[in-house]
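Undergrad: Dropping the structure in here first, questions after.
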Amino acid sequence: MFKASGLILHDESNMSEILRNMARRKLRTILTITGIVIGILALTVMGSMSEYFNSLIDNAINLLGTNIVVSPQNNDFESILTTVDERRVSRIPGVKQVIPIANDTLEEFDAVSFGIPDIAYGVPPEFSGTLFPTITLKKGRWLQRGDEYETVVGSQLAKKRNLDIGSTIRYRDHDFTVVGLINETQTTPDSIAMINLDTMRRLIKSPDMIAAMYVVPEDPSQIDTIAKNIRDNVDNVQVFTPKEAAAQAQQALAIFNVILVGGAVLAVFVGGLAVINTMIMSVNERRHEIGLKKAVGASDSEIVREYLIEAAVIGLLGGVIGFTLGWLIAGVLNVATSQALGGSSIFNVTPRLMMIAIGFAIVLGMIAGLYPAWNAARLDPVKALRVDS
């Protein structure tokens, strides 16, 4: 018990001494911490945008469930599928259902969109509630057989245009009555007005048009086999299983993340150089003190630990302050851009981002302090004691 208590007191004494050493050169310590703060602030703001896009990808993959997506081979506005393609896909062994969809930009598109535009989404009414397995209604009902000019709208679209049950939305010179509101998904359905597929085809004068098809397998374990059979038997289409769609989206997002976060990481490393400089100067100024400690029995590992803890404390302070400021700036940016983006918040500060930002600052501080700490431990106590205190 006595030994454990002595160890605690020793650690508390070391921490008090570390804080005193940091306070010796207040301005230099503040400037060093500021260097880390700027880097972590940038990392938090840029990282929060990356977290937003990560959540979009995750939610989009969840929306697919076990459905296979079949779309035109060419990704241009003129490429479409037809009912002939639908019949070919429906004849593939293992296919339970084929749900055709069409889409078109809403005519009342009058707000800046960050990624996902407001779209009219044509679906067979009987499949409106099962097209995306994970979405649910906040209010009202799904489309039903016989609906002509009724619509179910997403949360962002409803918020942007102040829509509720019974409201109307204009599309192709016709008023569509809102009969259902979708709960927020943070992906495509948030910005859609779901309408009867046959009504859309009639209004755009394209009776066979299909933009894409959702293929429901009889046995989800056979998804890969069904997808391969579709590729082999249906011409001019591209086929994505949920796994393939996730891999493609994550690959594109990885490149985006590198570009987005790369600059912020460079800023953090600049702060790390400031820590190295501060710790080297601190070792030079405290050579006599280090020599005295070694003369009375301090080991090299204890000297290294002291300086590493000091560097880690600097990193911790810079990380906490930088993350807090970044969180506040992200919140301000969300408020400032919310109206222009239809209520969407594109800076998403998550607990994972907090741990990464603060943890990175601490680790960087310790790495930056490693070389100065090792130099301090290698000092010859006799030579060090000759230095004037």
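Undergrad: Could you derive backbone 3J(HN,Hα) for the range 306-313 from the dihedral phi with the Karplus parameters 6.51, -1.76 and 1.60 (θ = phi - 60°), listing whole Hz in sequence and x where the residue is Gly or Pro?
TA: Those phi angles translate into 4, 6, 5, 5, 4, 5, 5, 5 Hz.
Undergrad: What is the order of 321, 40, fewest Cβ neighbours within 10 Å to most? All intermediate terms of the calculation are to be shown ahead of the outcome.
TA: Details: 321 17, 40 31.
Sorted ascending by nearby Cβ count, the order is 321, 40.
Undergrad: If you put +1 on each Lys and Arg Cβ and -1 on each Asp and Glu Cβ, how big is the dipole of the range 74-235 around its Cα centre, in Debye rounded to 20?
TA: It comes to approximately 320 debye.
Undergrad: Using Cα pairs under 8 angstrom and six or more residues apart, how large is the relative contact order of the range 74-235, in percent?
TA: This gives 34 percent for the range 74-235.
Undergrad: In the range 111-208, which trypsin sites (Lys or Arg not before Pro) are in a loop and have at most 11 other Cβ atoms within 10 Å, using DSSP for the loop call?
TA: 145, 205
Undergrad: Another one. In whole Å, what is the distance between the alpha-carbon centres of the range 49-68 and the range 354-371?
TA: The distance from the Cα centre of the range 49-68 to that of the range 354-371 comes to 31 Å.
Undergrad: Ok, one more. What is the local net charge at residue 52, summed over the other residues whose Cβ is closer than 14 Å to its Cβ (Lys, Arg +1; Asp, Glu -1)?
TA: -3
Undergrad: 7 Å from Cα along Cα→Cβ at both residue 228 and residue 301: what's the point-to-point distance in nm?
TA: 5.6 nm
Undergrad: Okay, next question. Can you list the GluC sites (Glu not before Pro) in the range 34-95 that are in a DSSP coil and have 12 or fewer other beta carbons within 10 angstrom?
TA: Details: sites: 51, 78, 86; in loops: 78.
Filter output for the range 34-95: 78.
Undergrad: Go through the range 229-234 residue by residue and turn each phi into a ³J(HN,Hα) via Karplus (6.51, -1.76, 1.60, θ = phi - 60°); whole Hz please, and just put x for glycine and proline.
TA: Whole-Hz 3J(HN,Hα) from phi for the range 229-234: 5, 5, 4, 6, 10, 10.
Undergrad: Continuing with the same structure: Specify which residue in the list 168, 123, 94 is farthest towards the positive end of the charge dipole of the range 74-235, using unit charges on the beta carbon of Lys, Arg (+1) and Asp, Glu (-1), about the Cα centre.
TA: 94
Undergrad: Under a Cβ-Cβ cut-off of 13 Å, what is the net charge of the residues other than residue 369 that fall near it, where Lys and Arg count +1 and Asp and Glu count -1?
TA: Within the 13 Å Cβ shell, the charges total -1.
Undergrad: Around residue 181, under 9 Å between beta carbons, what's the net of Lys plus Arg minus Asp minus Glu among the other residues? Could you put the intermediate results ahead of the total?
TA: On the way: positive: 138, 139; negative: 164.
Within the 9 Å Cβ shell, the charges total +1.
Undergrad: Rule-of-thumb check for the range 97-244: C-alpha Rg over 2.2 N^0.38 Å? Could you put the intermediate results ahead of the total?
TA: Numbers: Rg = 15.9 Å, N = 148, 2.2 N^0.38 = 14.7 Å.
So the Cα radius of gyration is 1.08 times the expected 2.2 N^0.38 Å.
Undergrad: Mind ranking 246-252, 193-199 by how tightly packed they are, going by the mean number of other C-beta atoms within 10 angstrom, highest first? Mind dumping the intermediate values first?
TA: Working: 246-252: 13.6, 193-199: 23.6.
Highest mean packing first, the order is 193-199, 246-252.
Undergrad: Among the listed pairs 26/293; 159/205; 96/228; 96/205; 138/160, which have their C-alpha atoms separated by more than 19 angstrom in this model?
TA: Checking Cα-Cα distances, 26/293; 159/205; 96/205 exceed 19 Å.
Where a number appears in this text, it was derived from the coordinates with a stated rule and is not lab data. Computed from a predicted model, the values in this text were never measured in an experiment. Cβ sites come from the backbone with ideal geometry, for glycine too, and all protein chains shown count toward neighbours.
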